[in-house]
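Asks: Handing you a structure now.
The values are calculated or read from the model by the stated rules, or taken from the named source; none is laboratory data. All values reported here derive from a predicted model rather than from experimental measurement. Quick reminder, even Gly has a Cβ in these numbers, built from the backbone with ideal geometry, and neighbours come from all protein chains shown.
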Amino acid sequence: MDEVDEQALALASHPSGDDCGAESKDLSIISRQETDKDLDVLIKELEDEDGKDPEPTALTVGSTADKNASDEQNTDPKTGLDDTEVDASRRKHGWNTLKEEHQNNFVKFLLLFVGPVQGVMQVAAIVAIILEDWIDLGIIFGLLLLNAVVGFAQDYTAGSIVESLKKTLALEATIIRNSARIIRPVKELVPGDIVLLEDGSVVPADGKLVSENAHLQVDQSSITGESLAVDKYTGDICFSSSTVKRGTGYMVVTDIGDQTSVGQAAAIVSKAAHIKGHFTTVLNGISHKILALVILCLLGVWIASFYRSNVIRQILEFTLGISVVGVPVGLPAVVTTTMAVGAGELARKSCIVRKLSAIESLAGVQMLCSDKTGTLTRNKIALGEPFTLPGVHRDEIILTACLAANRKKKGIDAIDRVFVKALKYYPGPKAQISQYLTVNFHPFDPVSKKVTAVVKGPAGEMTCMKGAPLSVLRTVQEENPLPADIENAYKEKVTEFASRGFRALGVARKIGCSPWQILGLVPCLDPPREDTKQTIVEARELGLCIKMLTGDAVGIARETARQLGLGTNIYNAERLGVTGAGDMSGSEINDFVEAADGFAEVYPEHKYKVVEILQQRGYLVAMTGDGVNDAPSLKKADTGIAVEGASDAARTAADIVLVQPGLSYIILAIKCSRQIFHRMYAYLIYRIALTLHMEMFLGFWIIIFNNCLDIRLVFLIAIFADIATLAIAYDHAPYSESPVKWNLPKLWGISIILGAVLAIGSWIALGTMLLRGENGGIVEIYGAQDPVLFLEIALTQSWLILITRLHFYRHDTTWWNRLPSPQLFVAIMLVDITATLMCSYGVFVHQPTSGLTIARVWVFSAGVDILCALLYVVLQRSQKFDDLVHGRSLRHNNRERDLEDFLLSLHRLSKEHAA
């Protein structure tokens, strides 16, 4: 131990001041309250209760404004309601239960067969039945059933949010009725009932404390998100599902059922549950456009068939062929598989995906609304660096504060707990504290706002005090007025700590009969997690904007944001005007939310409103949370993320559940989701191009020549297309440096060009055989037309996925990440080899194909795909192409800029004249 610590311990062990004679200074040994070993055991037990994370080095104390009760109740706390009043109130307000909408699971399953892709698949199934094509019917039915089962399983596991909220409620309550104390189920409570609240009880409904001089400590973090239990006094509102940590009192019920804070949260969740997801909207839009193209192609085929007077069977075969290759029947299965495999990757990164479509939304998230406690911070009370007055060492103030603390495990409060645990980092006070015997201990008094303890030590009797800084200061000055400079320094530090959102505790001692001596202040805070600041920097590099939403006070939120580098534009949530406060117009509020770094003292309605405004501004929003208060915004957000340790209600409402604490796992999830997005984007370009390829090739072939590829080969082509791409889920993929989004005009533009090139290649292969005869053109020596075309189409299509998976991200320069995964490579080779063997043996036509012809088809197909690759690279990198497909032009941009400049000049001119 260094010299300073030895001096501090000497001061602590032999404090200066006159002895009143109660004890002798040469006391050699004192009966100890607890040995060093006992103290070590206590610290270890407290640490085990609080978890195995390392202790933070620095408590967040917040106070959220209570909501107003819906009705003023004037029930006499001594008599309560009588039976007549209970019946009248129940007829008016109903039962104290949450309303829940139920939907038949069988109906939900049937609805999964409804949709554009499913509709065309069902039409194709009917055609297959008419043609008695049972193999094709089995394939179509299997795909339909697979998609429905996967979708239903995902939806079913989402569970009931209302059921989860119900788990947070009390089962029974002690109430006063007819002047008697009885225990009744909470569903029987009515507004006006008098409820007894005591240690450990769960508040059964929203209500107001009516006991005289009531003082309770209530944990309402599940509703408001505050990180500490809050003090409740007579007249204060207690929220349903809150837990009483300390104190006893009577509460009059003001709101029950759906009108409580929990009920309102459930109502907001139910409202958000009916909002269609972003990915569903995108996928439906693509499906509708593909369906329109299929119908257009079929109209051409039907008109041509009608003109030629084709028989019904032939028309049905043409319809079935176009439907099968035109509609991506495996689209839902491939997308689901890709995201399911991605969900497995996220699970290995401690992120459990409850809703697969959330992966796509997470990849495009631009705004991350994060709660503070437990995500950005440790959610553990910790001591900051003590402020000591001149001549006082920090070990003295820590020793005195710990002596004025309950050091028994049973009944220890949050503040005393952190002081006792902090002794591990102060070896001097820890070594000395066992030399003191507690003679008298006075726990926290809400009137005086301080804790006092009388102890006996080596130097005699000493009175230790800690509590609210100004209360401690007044007590000291009553006996010993402080010099002006010391008093001013103390008050300035109190103001500084308060402005930074710290809960500071004043510490003083009284040795024997000497006057009180003030030692200083000990700040408490909820410190940021060790990795949060670096994670925020990384998040910004990924193009994310982080906004803090917390139930704590504004000062606490601003200090936390300052430490993390988030920005200090933190405002009281009341300015949003959700509860009627605020005078900003709608557009001003939207600008205000967009520019703010966060909001404090928020309720569920505020969080929901922030998410809604950002979504209206066109942002994809992710929301993190852990309590009942977060459930509505978690459901409303494009991606709801329940953090580690979240309540059942939050987990049920969320799309992704974290099993490890901290923001860093969210960033890992975002990177992983962007990789998954890249795979899906590559697949959709590939699949749309294949659809257009077959429609342009088969459609025009039927219209011009009234002929078509063997329908069995058409089905095989459709199956091969999805077999090869099922492995895309396992492919190597990079992550984008910025939030990704569906650039649909560019996606369609590239797909159309690639599909046209593939169609031209197939037409060239067919054209050479039509012009040179059955054994001419691309066919050498011997071979049949259909197997050769089947091979050419299968090869060009299977290789196209190797092109669309190419990426151009700056950060990814490693060549092995650009190679296809072994799974994708094997799947493509399997398709290519199977198609080659089928062509070689002349499957379905019983005419083998020569090796030379097969070699020519392979070379020709490679040439077609090389051209596709060149075009793909150029189009992906071309800004002019992007402007073209979006209908943008430089002249148009200049016109918009000139118009903005003109309007701004006009506005400035009007202001000058007004002045």
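Asks: Can you tell me which residue within the range 433-458, out of those that are of a type in the set (Lys, Arg) and modelled with pLDDT under 90, is nearest to residue 412 (Cα to Cα)?
Replies: In this case the residue turns out to be 450.
Asks: Next up: Would you confirm whether any residue within the range 662-674 is out of contact with any Leu (no Cβ under 7 Å at 6 or more places or on another chain) and among the charged types (D, E, K, R)?
Replies: For the range 662-674, residues out of contact with any Leu (no Cβ under 7 Å at 6 or more places or on another chain) and among the charged types (D, E, K, R): present.
Asks: State which residue is nearest to residue 737 (Cα to Cα) when the search covers only the range 675-715 and only residues that are more than 48 Å from the chain's Cα centre (by Cα) and aromatic (Phe, Trp, Tyr).
Replies: Ranking the qualifying residues of the range 675-715, first place goes to 700.
Asks: Can you tell me which residue within the range 515-533, out of those that are surrounded by fewer than 18 Cβ atoms within 10 Å (Cβ to Cβ) and out of contact with any Ser or Thr (no Cβ under 8 Å at 6 or more places or on another chain), is nearest to residue 476 (Cα to Cα)?
Replies: Among those that are surrounded by fewer than 18 Cβ atoms within 10 Å (Cβ to Cβ) and out of contact with any Ser or Thr (no Cβ under 8 Å at 6 or more places or on another chain), it is 515.
Asks: From the residues in the range 677-730 that are among the acidic types (Asp, Glu) and at pLDDT 85 or above, which one is surrounded by the most Cβ atoms within 10 Å (Cβ to Cβ)?
Replies: 695
Asks: For residues that are among the charged types (D, E, K, R) and in a loop (DSSP other than H, G, I, E, B), scanning just the range 515-533, find the one that is farthest from residue 492 (Cα to Cα).
Replies: Out of the qualifying residues, it is 531.
Asks: Those residues that are under 32 Å from the mean Cα position of the chain (by Cα) and at pLDDT 90 or above, I need them from the range 802-827; list them, please.
Replies: 804
Asks: Moving to a separate point now. Restricting to helices (runs of 4 or more DSSP H) lying wholly in the range 345-463: which have 1 or more residues that are among the hydroxyl-bearing types (Ser, Thr, Tyr) and over 30 Å from residue 625 (Cβ atoms)?
Replies: In the range 345-463, 394-403 are the helices (runs of 4 or more DSSP H) which contain 1 or more residues that are among the hydroxyl-bearing types (Ser, Thr, Tyr) and over 30 Å from residue 625 (Cβ atoms).
Asks: Against the condition within 45 Å of the chain's Cα centre (by Cα), crowded, with 20+ Cβ neighbours inside 10 Å, assigned by TED's automatic domain parsing to the domain that holds residue 611 and part of a strand (DSSP E or B), how does residue 547 come out, does it pass?
Replies: Against the criterion (within 45 Å of the chain's Cα centre (by Cα), crowded, with 20+ Cβ neighbours inside 10 Å, assigned by TED's automatic domain parsing to the domain that holds residue 611 and part of a strand (DSSP E or B)), residue 547 qualifies.
Asks: Touching a Gly at 6+ places or on another chain (Cβ under 9 Å), aromatic (Phe, Trp, Tyr) and either in a helix (DSSP H, G or I) or buried (at least 16 other Cβ atoms within 10 Å of the Cβ) (or both) - does that describe any residue in the range 849-862?
Replies: Yes, that holds for at least one residue.
Asks: Now for a separate question. If you check 631, 637, 642, 622, which single one turns out to be of a type outside the set (D, E, K, R) and in contact with a Gly (Cβ under 7 Å, 6 or more places away or on another chain)?
Replies: 642
Asks: Which condition does residue 265 not pass, out of (1) within 30 Å of residue 92 (Cβ to Cβ); (2) modelled with pLDDT of 85 or more, if it passes all the others?
Replies: Tallying (1) within 30 Å of residue 92 (Cβ to Cβ); (2) modelled with pLDDT of 85 or more, residue 265 fails exactly one: (2).
Asks: So, in the range 735-755, how many residues would count as being part of a helix (DSSP H, G or I), out of contact with any Leu (no Cβ under 7 Å at 6 or more places or on another chain) and surrounded by fewer than 17 Cβ atoms within 10 Å (Cβ to Cβ)?
Replies: Adding up the residues that qualify gives 2.
Asks: Can you find a residue in the range 232-247 that is in contact with a Pro (Cβ under 9 Å, 6 or more places away or on another chain), of a type outside the set (A, V, I, L, M, F, W, C), modelled with pLDDT under 80 and assigned to a loop (DSSP other than H, G, I, E, B)?
Replies: Yes: one or more hits.
Asks: Right, something else. Report whether or not residue 321 is in contact with a helix residue (DSSP H, G or I) (Cβ under 8 Å, 6 or more places away or on another chain) and at pLDDT 85 or above.
Replies: No; evaluated as a whole, the condition is false for this residue.
Asks: Before we move on, is residue 782 modelled with pLDDT under 75 and within 50 Å of the chain's Cα centre (by Cα)?
Replies: No, not satisfied.
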